[in-house]
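What follows draws every value from the coordinates through simple rules; no lab data is involved. Quick caveat, the model's predicted, so the values are computed rather than measured. Here the Cβ is made from the backbone with ideal geometry for all residues, glycine too, and neighbour counts use every protein chain on show.
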Amino acid sequence: MRNLAIDLGNSAIKYAVFSGYRQEQRGQVTSLNSLWELPGVAPVANIIASSVRAAENQLVAQLQTQGNLILLDYQTPVPVHNHYRTPQTLGMDRLAAVVGANHLFPGVDCLVIDAGTCITCDFVDREKNFWGGSISPGLQMKFRAMHTFTQKLPLIEQAVFPVPLAGGTTQEAMQSGVVNGTVAELNGLIAAYSEKSANLVVVLCGGDAAFFETKLKARIFAVPELVLIGLNRILNYNV
């Protein structure tokens, strides 16, 4: 049984094809039309999609022609116990990442860090209880915020490494505040969760995952396709 997991973000579409739980291929496309043109994608029996886009009716109509479809929402049954008090407001990528971490590391407490536009930290315990977590601005959002909400601070598109701890110029000081401050923030959160869980597993995904993987003090498992793995786990749970 071949499954297709699709994560529709604001700027890109990530996908992975699975045979059961074995990943056959994954990648990124700019449109769903180009997805079907890729060798090895079709045919699939089942499709699951997580989307942050508004045109859901059009999305459903297009995907239903390719296989049995689940459009992930807060009412979809999932293989974890969701204790989020406002499940209708929970980002489905966060939920899928938590399910993916629990699938890859069963029977242990997991802290899932998704380092993208925003940085989310979500906790799922060894009994499959998802308790929520935190959301904070990502690196680029912080740089843009300083430029947007001040009169004189420049716009920094990307930090220049190595980033000094004590910046000797305004740009270096901004880079230190954003980069070193965010690393300290995440190390602090990991330490706080580690006090509650002696055998905490930290799982990292998202666009900035490669950067943070080498900067955090804890042992990190970087899984770039974590959301897609979680989507496939949810799909198999429902078919």
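Here are the numbers:
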item	result
Estimated FRET transfer efficiency (Ser11, Asn199; beta-carbon r; R0 30 Å; 0.05)	0.25
Efficiency of FRET from Cβ geometry, Leu216 and Met146, R₀ 25 Å, rounded to 0.05	0.60
Segments 117-128, 22-33 sorted - mean Cβ within 10 Å per residue, highest first	117-128, 22-33
DSSP bridge pairs, segment 75-239: antiparallel proportion in percent, nearest 5	55 percent
Order of Leu231, Leu226, Leu38 under a 10 Å beta carbon neighbour criterion, fewest first	Leu38, Leu226, Leu231
In nm, spacing of pseudo-spin labels at Thr89 and Val183 (7 Å Cα→C-beta vector)	3.3 nm
